[in-house]
1. Can you find, within the stretch 155-204, the residue that is farthest from MET117 (Cα to Cα) among those that are among the basic types (Lys, Arg) and free of Cβ contacts under 8 Å to residues at least 24 places away in the same chain?
2. Can you give me the ranges of the helices (runs of 4 or more DSSP H) entirely in the stretch 22-109 with at least 3 residues that are without any contact (Cβ under 8 Å) to a residue 24 or more places away in the chain?
3. Looking for whichever is closer than 25 Å to CYS209 by Cβ and out of contact with any strand residue (DSSP E or B) (no Cβ under 6 Å at 6 or more places or on another chain) here; the options are GLY141, GLY60, GLY102, GLY74. Which one fits?
4. Would you point out which residue out of ILE131, ILE116 is closer than 25 Å to TYR29 by Cα, modelled with pLDDT of 90 or more and open to solvent by 80 Å² or more (accessible area, probe 1.4 Å)?
5. Just checking, how many residues over the stretch 70-113 are farther than 21 Å from LEU206 by Cβ, surrounded by 15 or more Cβ atoms within 10 Å (Cβ to Cβ) and not polar (S, T, N, Q)?
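The values are calculated or read from the model by the stated rules, or taken from the named source; none is laboratory data. Keep in mind that what you see is a predicted model, and the values were worked out from it rather than measured. FYI the Cβ positions are ideal-geometry reconstructions off the backbone, even for glycines, and counts take in every protein chain you see. Side chains included, ligands, DNA and RNA excluded: accessible areas come from the protein's heavy atoms. Shrake-Rupley method; radii C 1.70, N 1.55, O 1.52, S 1.80 Å.
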Amino acid sequence: MVSFIQMITQNSVIQDLGFGMAILCIIAYLISMIVAIIGHELSHGYVALWNGDKTAKFMGRLSPNPVKHFDIIGFAMMLLVGFGWAKPVPIDPRNFKNYKKGMVFTALAGVTFNLIMAIIGTLCLAILMKIVITVGSISRGVAYLVYFLLYLFQLTIAFNVALMVFNLLPIYPLDGFRVIETLTKPNNKYVNFMYNHGSKVMLGLLLICFVLGRFIPQVNIISTMINFASKGLGRLFELIFGLPKGILLG
């Protein structure tokens with residue numbers, strides 16, 4: 001994942017097209033980030049509601065209003081390192097009609113939303129690139145629109161794949177852990193360990209990935225997984241649309 005600061009300061013296209021392109025880039029960044037994060041949380045809430053739990057609805061969290069889900073630390077992390085979070089949507093599993101089904105479906109709802117959005121983003125990016133290649137040269141005015149859409153679709157893919165991969169990790173309190181917790185025996189050693197030390201494990205993993213990973217890229221396991229998933233999705237649509245290899249996501 002690329003951070004907002006890196007995208008603005010290190011991209012030659014933004015520098016060439018000037019202030020107007022920088023503003024459009026900021027808009028694309030915010031739109032793709034908000035949709036990915038808020039959509040992830042709303043998916044948890046709506047699937048919980050469909051399974052019998054109205055907690056999120058009663059607390060006013062089934063709203064697309066970003067303010068309802070805003071977390072200042074998660075937002076700051078998104079701007080600085082390219083990954084962040086919103087306030088988790090509250091659920092009460094005791095209200096589920098079927099506990100296991102409700103928990104698994106609710107836990108996987110967010111990453112499913114992110115997968116769908118990543119596929120949609122890749123499809124739109126492939127169509128855009130196909131049009132650009134077919135048309136050939138474009139005017140400066142059209143270039144603003146093309147690059148805005150280019151960044152919007154690329155960032156949509158990046159944010160959604162990042163959220164999907166990260167949340168599938170079997171670490172408390174992430175979605176992957178919730179699935180394991182639900183499908184394994186109660187009070188098993190792994191679940192108990194994660195409840196006691198999961199936050200430390202996640203903090204340690206983040207430090208390894210985002211600090212040591214800056215100097216030793218091979219250590220950044222999460223980024224490697226994210227890049228593998230993103231480029232695999234991009235290559236699939238390159239084959240479908242007959243595009244040159246690596247043109248969508250490198």
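1. Checked the stretch 155-204; the qualifying residue farthest from MET117 (Cα to Cα) is LYS189.
2. 72-81
3. Criteria check complete, one pass: GLY74.
4. ILE116
5. 11
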